[in-house]
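The values are calculated or read from the model by the stated rules, or taken from the named source; none is laboratory data. On a predicted model such as this, the values are computed, not experimentally measured, just so you know. All Cβ positions, even for glycine, are placed from backbone atoms using ideal geometry, and neighbour counts span all protein chains on display. Just so you know, the surface numbers come from the protein's heavy atoms only, side chains and all, with ligands and any DNA or RNA stripped out. Shrake-Rupley method; radii C 1.70, N 1.55, O 1.52, S 1.80 Å.
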Amino acid sequence: MKTIYLAGPDVFEPDPFAAGETLKQLCTAYGFEGLFPLDNAIEDFDHPHKTAEAIRQANIDLIRRADIVMANLNPFRGFEPDSGTVYEVGFAEALGKPVFAYAADRRHMPERLRAHQQLAPDDLQCREGKSIESFALSHNLMFAHTVVAEDARSCLRYIAERFS
């Protein structure tokens, strides 16, 4: 059975263990074993930096162990995906792992950003004065190719069609 590392900000949900269990059950339904970051048993060190490093290393180890990575690239605390998830996507790709992602809003970046920041339909810059990239992609060009579905179930269906 192939394993899927479940990257995403789901670890920050009010009940992250339930969120992880739901994702893992979906994986099982599609014939995969889900690896959720909170599956790791992490020692609570006397210094938060040591605990953070232990979590980072345990997640890296799970990504190395996984056959596939599935990432939740929905906005997190703002407009963009969770930066930790983006790191995990890049790390997995650097290892040569297949990466598939989902995001509920797959409109092109300019349309999404203009709506989010309440800009005019023809604005070429965001509120911070930076140009709005326009490559007809829903996300940053470095990982937009991974976005294949709107939700976890659809993403798993997509993965299963390629790995079953």
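At-a-glance table
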| read-out | value |
| --- | --- |
| Translational diffusion coefficient (Stokes-Einstein; Kirkwood radius from C-alpha pairs) of the chain at 25 °C, 0.890 mPa s, in µm²/s | 146 |
| Most mobile listed residue (D46, D61, D105) in the chain, GNM with C-alpha springs under 10 Å | D46 |
| Chain lengthening between S164 and T22 when straightened (0.36 nm per residue, less Cα-Cα) | 49.0 nm |
| Carbon plus sulfur fraction of accessible area for the range 1-91, probe 1.4 Å, in percent | 55 |
| Contour minus Cα-Cα distance for H116 and E53 (0.36 nm per residue) | 19.3 nm |
| Extent along principal axes [Cα atoms of the range 14-58; Å; largest to smallest] | 40, 22, 11 |
| The range 1-135: antiparallel DSSP beta bridges as a percent of all, rounded to 5 | 15 |
| Descending Cα extents along the principal axes, the range 86-164, whole Å | 45, 25, 16 |
| Protection proxy ranking of 116-122, 37-43, 146-152 - average other beta-carbon atoms within 10 Å, highest first | 146-152, 37-43, 116-122 |
| Value at 222 nm in deg cm²/dmol, rounded to 500, when DSSP H runs of n ≥ 4 in the chain each add -39,500 (n - 2.57) | -12500 deg cm²/dmol |
